[in-house]
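Presented below is the structure to which this report refers.
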Amino acid sequence: MEIRAATVLPARREPIELHTGDGLTLVGELALPEERPPVATLVTLHPLPTHGGFMDSHVYKKAANRLPALADLAVLRFNTRGTSSDRGTSQGAFDGGEGERFDVAAALEYAEFHDLPRVWVVGWSFGSELALKWAHDPLVEGAILLSPPLHRATDADLDAWARFGRPLIALVPEFDDYLRPEEAERRFARVPQAEVVGVEGAKHLWVGEPYVRIVLDEIVRRVVPDRYPLPTEI
């Protein structure tokens, strides 16, 4: 059977709640391999909620639908403060990336408390800014950024990640609306351990199954390289 856009592979999918240091409850889901413990964990940070971003944004939904079965990964998705999806609405209100520091911390604390292994943070657009600003945690093995705008995240945040020392991979669409590969190479040069991967033909929202496959393959190549490349059929 070919893996298609709507394919949902077997996994243990559990509704979860995260509790922030400033007293909010956030809603989310943890997807785990069906019959084995996970070998690594993706903590996902979604695009801008004021422009339609949420835990079900399509790349993350497809990651949760596929990667537990294909790569033995745990995929943790959640709605940041004030964000709604079919899972429900997280308490609080959008805070432009500042109060969301507590949301990132709550997700990482959940992963640590539940002994989820080898945590990587995956941030998409606004979520990439949250990763750069607030994911400097000893638990984090590295970060993968999808369509990073480098708008709220500044050179000071890049310098902080350079000092943090963990791997940083930026997947940058050729036709991104905010930051394209050539400029991304210049901006991320401040981070010696950063790698910029330009993706030909892609746009900011990674619309189209070929681009989703590229993103998921690149994630797996960094986090669980022995599972790369992902199969296209099962």
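For the reader, a short list of remarks on this structure follows.
- S147 being polar (S, T, N, Q) and on the phi < 0 side of the Ramachandran plot: no
- When the stretch 184-233 is filtered for residues that are in contact (Cβ under 8 Å) with a residue 40 or more places away in the chain, farther than 28 Å from G52 by Cβ and assigned to a loop (DSSP other than H, G, I, E, B), the ones remaining, listed by number, are V224, P231, T232.
- Every pair of residues 6+ apart whose Cβ atoms lie under 8 Å, when the first sits in the stretch 70-97 and is on the phi > 0 side of the Ramachandran plot while the second is among the polar types (S, T, N, Q) and open to solvent by 10 Å² or more (accessible area, probe 1.4 Å): G82/T89; G82/Q91; G92/T20
- Residue among W120, W124 that is in contact with a Lys or Arg (Cβ under 8 Å, 6 or more places away or on another chain) and not basic (K, R): W120
- All strands (runs of 3 or more DSSP E) inside the stretch 1-69 with 1 or more residues being open to solvent by 30 Å² or more (accessible area, probe 1.4 Å): 12-19, 25-32
- Test result for L150, without any contact (Cβ under 8 Å) to a residue 40 or more places away in the chain and touching a helix residue (DSSP H, G or I) at 6+ places or on another chain (Cβ under 6 Å): yes
- Of all residues in the stretch 102-130, those that are on the phi < 0 side of the Ramachandran plot have Cβ atoms under 9 Å from Cβ atoms of residues that are open to solvent by 10 Å² or more (accessible area, probe 1.4 Å) and β-branched (V, I, T), 6 or more apart or on another chain, in F102/T20; D103/T20; A105/T20; A106/T20; P117/V39; F126/T50.
- All conditions but one from (1) in a strand (DSSP E or B); (2) open to solvent by 30 Å² or more (accessible area, probe 1.4 Å); (3) under 18 Å from W206 (Cβ atoms) apply to R77; the one that does not is (2).
For every residue, the table says whether it meets (1) farther than 24 Å from S57 by Cα; (2) touching a Ser or Thr at 6+ places or on another chain (Cβ under 8 Å); (3) modelled with pLDDT under 95.
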site	(1), (2), (3)
L132	no, no, no
L179	no, yes, no
A194	yes, no, no
K203	no, no, no
V223	no, no, no
L230	no, no, no
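The values are calculated or read from the model by the stated rules, or taken from the named source; none is laboratory data. What you see is a predicted model; the values in this text were computed from it and never measured. Neighbour counts run over all protein chains shown; Cβ positions are idealised from the backbone, glycine included. Heavy atoms of the whole protein, side chains included, go into the accessibility calculation; ligands, DNA and RNA do not. Shrake-Rupley method; radii C 1.70, N 1.55, O 1.52, S 1.80 Å.
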